[in-house]
1. In the set F134, F138, which member is open to solvent by 30 Å² or more (accessible area, probe 1.4 Å) and either in contact with a Leu (Cβ under 9 Å, 6 or more places away or on another chain) or under 16 Å from I38 (Cα atoms) (or both)?
2. Do we have S69 as buried (at least 16 other Cβ atoms within 10 Å of the Cβ) and closer than 30 Å to L30 by Cβ here?
3. Which one of the conditions (1) in a loop (DSSP other than H, G, I, E, B); (2) more than 23 Å from the chain's Cα centre (by Cα); (3) not basic (K, R) does F73 fail to meet, given that it meets all the rest?
4. Which of the residues belonging to region 72-84 are modelled with pLDDT of 85 or more and either open to solvent by 40 Å² or more (accessible area, probe 1.4 Å) or more than 20 Å from F161 (Cβ to Cβ) (or both)?
5. Looking at L26, L30, which is the one that is more than 30 Å from G99 (Cβ to Cβ), open to solvent by less than 30 Å² (accessible area, probe 1.4 Å) and touching a residue at least 12 places away in the same chain (Cβ under 8 Å)?
6. Among the residues of region 85-101, is there at least one that is open to solvent by less than 40 Å² (accessible area, probe 1.4 Å), in contact with a Leu (Cβ under 8 Å, 6 or more places away or on another chain) and in a helix (DSSP H, G or I)?
7. Looking at (1) modelled with pLDDT of 90 or more; (2) open to solvent by 100 Å² or more (accessible area, probe 1.4 Å); (3) of a type in the set (K, R), which one does K13 not meet, given that it meets all the others?
8. Quick one: what pairs do we get from region 147-169, first residue at pLDDT below 95, second surrounded by fewer than 21 Cβ atoms within 10 Å (Cβ to Cβ) and not in a helix (DSSP H, G or I), C-beta under 7 Å, 6+ apart or different chains?
Amino acid sequence: KSFAKKASAKPPKKPSPPPSRPFWGLEKFLEKNHASVILVFLLVSLVFSFLLFDVRISEGGDDSAYIQSGWNFINLHKFPFYQGPVYPLILAVFIYLFGINLTLLKVTSVIFSLGNIWFTYLAFRKRIPYIVLFSFVFFLAINTTIQYYASQTYNESFYLFLQAFILYL
């Protein structure tokens, strides 16, 4: 009797396969090699920044106003109340150290742009899938508008850097 009961009992149910994940291999690759991938994206951004680098003062005149406000703060002790005072204060440090070296002041924007990418990566790694994170970081690295601001002494690169840094904190 007991043998017949066991034989007629239903076989154990097989576990169902996991849902299909078409990009699972790419996610695992990015998770394993995330340090190399972010360094490649930073390098790509640096290359694009220097390919699109413009040494001249822009036509808008905002960058010259920021430089002038930084110079006025250092030499005339005039606090920059107009047009965002924080960025001229940051530029004032570089003006104090190196003088008004336009190329160097514009390179600081490239550094702020790279810092934006770096801190965006740090803020969101291990929190969102690497496919989403690196898609966004790649967009930041090659975006022509962001690269344009990286070659100007506008405050946009500094603002994006500051925003990413605060998100990281």
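The values are calculated or read from the model by the stated rules, or taken from the named source; none is laboratory data. Everything numeric here is computed off the predicted structure, so don't read it as measured data. Positions of Cβ are generated from backbone atoms using ideal geometry, with glycine treated the same way; all protein chains shown enter the neighbour counts. Just the protein is used for accessible areas: all its heavy atoms, side chains included, with ligands, DNA and RNA removed. Shrake-Rupley method; radii C 1.70, N 1.55, O 1.52, S 1.80 Å.
1. The match here is F138.
2. Details: buried (at least 16 other Cβ atoms within 10 Å of the Cβ): yes; closer than 30 Å to L30 by Cβ: no.
Spelling it out, it is not the case that S69 is buried (at least 16 other Cβ atoms within 10 Å of the Cβ) and closer than 30 Å to L30 by Cβ.
3. The number of the failed condition is (1).
4. Step one: of region 72-84, the residues modelled with pLDDT of 85 or more are 72-81.
Scanning region 72-84 gives N72, F73, I74, N75, L76, H77, K78, F79, F81.
5. L30
6. Yes, region 85-101 contains at least one residue that is open to solvent by less than 40 Å² (accessible area, probe 1.4 Å), in contact with a Leu (Cβ under 8 Å, 6 or more places away or on another chain) and in a helix (DSSP H, G or I).
7. (1)
8. Listed by first residue and then by second, the contacts come to Q147/L52; Y148/L52; S151/L52; S151/F53; S151/D54; Q152/S58; N155/G84.
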